Structure formats: structure tokens, C-alpha cells
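See structure below.
The values are calculated or read from the model by the stated rules, or taken from the named source; none is laboratory data. As the structure is a computational prediction, the values presented were derived from the model and not from experiment. Positions of Cβ are backbone-derived with ideal geometry, glycine not excepted, and every protein chain shown enters the neighbour counts. To get the accessible areas, we keep the full protein, side chains included, count just its heavy atoms, and leave off ligands, DNA and RNA. Shrake-Rupley method; radii C 1.70, N 1.55, O 1.52, S 1.80 Å.
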Amino acid sequence: MEFSRRNFIKFFAGGIGGTLVSPLPWKLIDDIAIWTQNWSWVPLPGRGKFSTVNSVCTLCSGGCGIEVRKVGNRVVKIEGRRNYPVNQGALCPLGMAGQQILYNEGIRWKAPMKRVGPRGSQEWEEITWDEALNGLATKIRGLRNEGNPEKLAGIDGNHSRSTVALLIKRLFDAIGSPNYLGMPREEDTHAMAAFLMQGTNGPVAYDLENSDFILSFGCPLLDGWGAPGRMMSAWGQVAGDKPSTRPFLAHIDQRASRTALKADQWLAPFPGTEAALAMGIAHVLIREKRYSKEFVDDCTFGFADWFDAQGHGHKGFANIVLKKYSPQIVENITGIKKSIVIELARRFASSHAPIALTGRGKGLLPGSVYEFMAVHALNALAGRINKSGGVLVAHDLPLAPWPDAEYDTVATDGLKRERLDRAGTPRYPFTRSLIHTFSEAVNSSQSSPVDILLISSANPVFTIPDSKSLIEALDKIPFIVSFSPFKDETSLMADLILPDHTYLEKMEDVPRPTGVQYPLFALSQPAVKPLYRTRHSGDVIISLAQRIGGTIAESFQWNSFEETLKGRVKGLYQLGQGQIAYDGSEPVWKRLDKKSGLTPVYSSFESMWEALRETGCWYVPSHTFGTWSEIFQTPSKKFEFFSSNIELALKTYSKGKSLDDALADVGILARGDEVYMPHYEELKSRADEKEYPLLLVPIELINLASGWIGNPPFLNKTLFDHQLRKDDLFVEVNPKTASTHGLQEGSKAVLKSRTGELTVRVHVFHGAMPGVVFIPLGLGHTAYDRYLKGKGVNPYEIIDPTEDPLSGQSVWWNTRVTMVKI
């Protein structure tokens, strides 16, 4: 045969065809697959008996029930529990990937460690628990002996009502330091709005499942907001219903999120103008008299014009809204057509059980207090306060209080000194904690006013906007102690590591999970014994207090964390109501007004405790609706459109200066009676719009951990290649924005703000608002292991926050940036 190109191709193609038909290559592939599965380093579950542990996920404050499957002693799978009232089988991606948090030894501290080299050198020495705790106790005693207990400070990321958080706060009180700070979160803003308008301090609850119209101002209900398992379960139960029988969802967001795409109506106002939109809806309700006259006339203060005790006249909420927030004015502010504002308001008013709520992301980010008040005012106008399907006035659980802490003169004197962050002072009277003012106080001092800083369940170096100021402050503080189980950015700056267990290795409580509309106490159980020489932070706090001695030790007479928790739970038993088991036959929200199932089935506290450990929850399946005359604790004993507490706070702050000067200091632009009412405050960026023409809006994805815990590698694999490709993070921009800046799909660009710059890639997305850059939170770690370190960039590095005038918290959605192709 002549050897030609044609014959060579025939021969080659025939060889390939014959090989493919032959069983030989397939047999080789099968043998290789079996061989690779037997490599010694391939992770495989050990042999053993299958078992399950019922517990509760505490990776967020949602309190979802989980079933942890094990082979032998190894966790192999985590699923949502159908027999748990909060989530009824649903579970978010982070909850399902929890075993990687447990078993990824590259991200975990395995024992107490002390730093032996310069900060940043990562030179550590393993020490004993006795050495670690005795050394720390000696340092704290030294501060007290010098009469400076306030030089101890703490940053705590635990849920504010949890037993661990209360133990840490009690330690600071007993020592005499006022400088205990909680990490900022959305619940702080909700609590502040509720206090200013209702006078209540309990948790905020939303009866979404019984509503027929949900007006969501930015709450990504299907993207991880609130209790994610609850949201997914509730949506799953109604998604298949006919539009006429399921709730109507109107979602307000600048981006086509999963929630926006599932909504019946999606509106995209300009970022930061949500309060104006709420006020425009209020205008229509008032002008057309579509509000609840019964509630407004009998149960509110400040709606109509009024005179105070001195005879001075005041404009009412209705007067101001009708004059300043017509649909046309609101259209000019928000970009939403006035006809849509009117239609939306009428639909809200004509619904049987409407509810309005506001928030962003997963609840980790605080918001604007005036905005939250403006949205809550819609619930008041519709008479939806403490009504089925509305915003419920909830109370703290009846957990038994501990005995009062003991205070010596050192502690008493220390607690009288002003907090470094100035929270609770006349400038920030309603705020519990402020991380950024704490950093400013440390940085502005010639020598650090803090000698020892304790950090628990938080990674503020990674999760605080414009963290450069915090890092500078941490560099000045002589001694930092981290309780983190993880080698995160903040713990790597510490001098002493006292590693906590991970959530699958310990008992932990979640009192009243976020947004749940009935009393519920969630309790997790350890699914496995601790893998390393770690300790429960609650036990560490108790041991530390006892080693410090004196009145501090007397304030911590417990032998273990479980004992402190068990003591609190006795209050639930003494209530004489509540259920421990849930069979899943009927959702709890369907029987809130039936008053059934209140009688407990347990006969003693010990039997209740054992049952609680088994099921993971205690709950009361009811709520007392209505009772408007009893629920408001404001000075007027009514729901306040005109907030008496804001008026009192500004009078106190303005002593020695004019009210206008005080308002200018605080940053409130409104004047007159509007200052004390819900209204739209434009929070302007400090950047020049010409130099920085784009707005940067961070977003949170349900499959990307964006809090203090790093993203499990499993979840990185669920990100699309237009979100993360190799080590490059993608931002979303509208095609018009991309074209204006000479960008195409996949273009590499520098994103620059006043505070820094990041290198990103571009995803051209029709669902993004023009002029806005959307960037995911959760990547850009400089710590952990190779699966997280260097993956993407951290948006917090360039966020240029503005201070909310009422709360002082950092508002993060008005950062201005420029984007240049490289």
C-alpha cells in the first residue's frame, strides 16, 4: 500500500475505532479507578456502625435543626431535620458543608498556643491550658491591681442573647471593664428602630408565613436572610400554590437576585433611597385614607399635628409625609415611576395581611435607622403591629437569671468610666457597640488605652469595613487573646490562642432564632468528641474567672458551661408551658392562635432537660395577637411616629449648643419635627462623584460564607466560573456600564475607592443596575489554608463607609469607586 497522507489518516482513524470498540481500554480505565480509590491518602469514611445525632446548626443565628450522620465516629453527612419546627427539613449550603469545618485540620488551632516571634511571623509554641489561663489571669489581675480594669477590652461575635455571650459580658462586669463590644449586625438596627417607635427591647419577629403580601425592602428572603432553613421551607410550601392563594412578594433590590427573580414584583430604586420609597407609599396610604384608622387613632402618637405641654405646636407625621413625599417627588429621588408607587401602595393597603420588612444580605450588616423606621411605619399605618401575618412584638424567653455578679470597689469604679467606643453616651445614646470608634480611640492615643484585648467568635480584621483602622489599632494593643478555633486573619495577629471547639464538638444555645414568631429555645449537641486539645469557650471563661480570684471568682461559682446553661433553662420549665418534641405534621405557624399544645409532657426538670438534649428545642406554639394597649413601652405608651426618645436624646446632646449645631455634629440633614420621625436621609459619600462615578454594593451569596467562618472548599466548587475563576473574583456590572468603561465579559480591571483598590474580573450581567458594581462578600482571605487563602479579593478593604447619624454604625452601600480596565 502506498504510504500517503490519505492512507495514513485512514489507518489512524481505523486504529482509534478498533481501540474504542475493544473492551481493553474500558477495562484499564475501570482498573485505574479502583486503584486510585485505594490510595492511602484519599479520604474515606472508616468502617463502623451507621448512627445519627440530632442537633442544631449554630453557624448563624437561624437555629436550624440538623441530623448529623456518622460512620463509626466520623461525620459523613449533615441534613436538615424534618421533625424540627424552624426549618422542617430545609438547610442552607453552609449548614450542609459543616463537616469540612470540623475536619479541615489546615484551618484549625489544635491546642493553646503562644506567639514566640514578631507579630506576623507565625512563630508559635504549643503550651498547656494551665499555663495559658494562669498567665492570662495574672495579666488581668495586674490591671486591676493598678486600678485600670478598663484597659481590658473585648470583641464578641456570639449572639447577644446566647449563654456564652452573657458569660463573657459578666466577666467584663465583674472585672470592672465597660469596654465589651459586640460585632455589628442587622439585628442591632432592628432593635433600635423597635425601641424608638415601640419602646420594646425584645427580639423582632416576622409572621411571614401567615402574610398575604410581603413587601421586602432589600431582604433577600431566598438568598440566606434571617433563618435560611425557615425561609426555604416556607417558600417550598407555597411556591407551588396558585398566585391567588400564595403570598404576593414585592421585592426591592438593585440586582436580580434569586429573591428578585422569584418575586411577583421587582422594583429597583437607586441605592440608599429605600426610605424615600417607603415614605412615598405612606403618602398614598394617608392621602387616600387607606390606613388603619382604628390603630392610628387609638394606639399611635405623633400622626396628626399636636401641641406639647408648653403649648408649642408640632407638625404630625401625616402633615410632613403629604407635603414632602408625593409620588412625583419620590420618583425623582428613587427612579421608580410614580404610577408604580401608587399601584404598590394600593395593593399593600388592600391586602388582608400585609407586612413590610427591611434589611440586606444575611443579617450581618447594620443599616440606616431612619430607613428601618420608615419601613416599619408602613406596618403601623396598615395596623399590622402584633397581628397575624404582621410584625410581632416578641419578648425575651423566660430563662432563669443567674445570681447577681459580685463587684468590689475596683470593678465599681471601672464600670463608671466612659467606654472607648462612646456607645451609650449622649452622642450615641441608643447604640450598644461601635467597632470603628473603638479603633479611632486606640489610634488617636499616644499609648494604647487597651492593654489586653479578648476576641471571641469573630474575625473583625476580615469582616469590618475599612479594616485598616482596626488593624492599626490591633498593632498598638500589647496583648491580644483569640478564642477562635480557626487560623483566621484576626487570630493570626494574636499573642495567645485559647481555641474553642467547632460547633459540631460542643453544646451551644440559640435563644429565639432570628425572626421566628413564637418562643423557641434551640440547643445543639456535640456530634463527635473534640478532635484536638481545644476547650469550650464557656468553660474557659469560667476557669479564667476562678483563676483571677476575689469577687470575680465568686461571680463564677459554676463547675462547667453546661451547668450555667442548665440553670438558665430552669426558667423555661418553671413557666409551666412548652413543647419539646415536634412531629412535623403541621407547621407551628399554622396554629399560633389556637392556644393548643401548651401543656408540657415532661413531669420534672430532669426529664425536660434530657428531652431537650435529645430534640434540640423547647417552644411554645402560640402567640398573643392584638393587645395594642399593653405592648408599647414608649413614654407615650403608644406606637410613636414622633419618637420621644430621639427628642430627649437630642435635647441632652444639644446642651450648651444650638439644636442646629447638634444636628450638624450628628449628621442629620432634616430639620424641625421631621428629625424625630421616620424620613429619608441622604447619606452622601465622602468621595468626589466625578473622580469615582460608580457605586459599589456588596452582595452575599447563599453558597458563600461571608461571616467570621471561612467558606468550606465544598462551597467554592458551587461557585460559577463567572463568580470565581481560579483566584480571580468577578464583579457584576450592567452592559451599559461595561461599555462606558471599555469593559467586556471577563475583562480584568482595577476597582478603586478613596480607601484602596482591588483587582477583579468583570461579569456583564443584565440584572445589575447601571452605574453600580456588585461584588460578593466572603472571599479574599489572607489566612486559613490553600483552599481559601488568595482566592478572590475582600471588598471590605475598599469599602468607604458613612456613619449612620442615629446609630453611629458604618453604612456600607454608598462607597463610590472607579473601574479601569488593565
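So the values come out like this:
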| item | result |
| --- | --- |
| In the stretch 76-125, trypsin sites (Lys or Arg not before Pro) in a DSSP loop with at most 12 other beta-carbon atoms within 10 Å | none |
| Principal axes of the stretch 284-391: Cα extent on each, largest first, Å | 45, 33, 31 |
| Directionally averaged shadow of the stretch 694-821, computed from the convex hull of its alpha-carbon atoms, nm² | 8.0 |
| Carbon and sulfur %, accessible surface of the chain computed with the full protein complex present, 1.4 Å | 53 |
| L222 long-range amide H proximity, modeled H, under 5 Å | T259 |
| For the stretch 86-96, 3J(HN,Hα) per residue [Karplus equation, 6.51 cos²θ - 1.76 cosθ + 1.60, θ = phi - 60°, Hz, x = Gly/Pro] | 6, 10, 6, x, 7, 7, 6, x, 4, x, 6 |
| Amide H partners (placed H, <5 Å) of V793, local residues excluded | L729, G780 |
| Dipole of the stretch 537-581, positive end: most advanced residue of I541, Y573, S560 [Cβ charges, Cα centre] | Y573 |
| Pairwise centroid distance, computed over Cα atoms, of the stretch 460-514 with the stretch 630-667, Å | 36 |
| Inter-part distance where the stretch 517-534 and the stretch 161-187 are each reduced to a Cα centre, Å | 20 |
| 14 Å reach of a label modelled at S350, 7 Å along Cα-to-Cβ, counting backbone N of the stretch 286-312 | 290 |
| Centre separation in Å (Cα based) which lies between the stretch 720-756 and the stretch 75-139 | 34 |
| 3J(HN,Hα) from dihedral phi, the stretch 388-399, Karplus parametrisation 6.51/-1.76/1.60, rounded to Hz, x for glycine, proline | 4, x, x, 8, 9, 8, 9, 10, 4, 5, x, 6 |
| Relative contact order, percent, the chain [alpha-carbon distance under 8 Å, six or more residues apart] | 17 |
| Structure-based [θ]222 nm, the chain - -39500 (n - 2.57) summed over DSSP H runs of at least 4, per residue, nearest 500 | -9500 deg cm²/dmol |
| GluC sites (Glu not before Pro) lying in DSSP loop within the stretch 136-245, provided at most 13 other Cβ fall within 10 Å | E146 |
| Amide H within-cut-off set for K77, under 5 Å, with H built and near neighbours excluded | R69 |
| Principal semi-axes in Å for the chain [√(5λ), Cα gyration tensor, largest first] | 42, 36, 30 |
| Exposed chymotrypsin sites (Phe, Trp or Tyr not before Pro) absent: longest stretch of the chain, with sites in DSSP loops and at most 12 other Cβ within 10 Å deemed exposed | 42-719 |
| Solvent exposure of the stretch 694-821 as accessible area per residue, Å², 1.4 Å probe | 35 |
| Loop trypsin sites (Lys or Arg not before Pro), the stretch 728-796 (other Cβ atoms within 10 Å of the site Cβ: 12 or fewer; DSSP) | R786 |
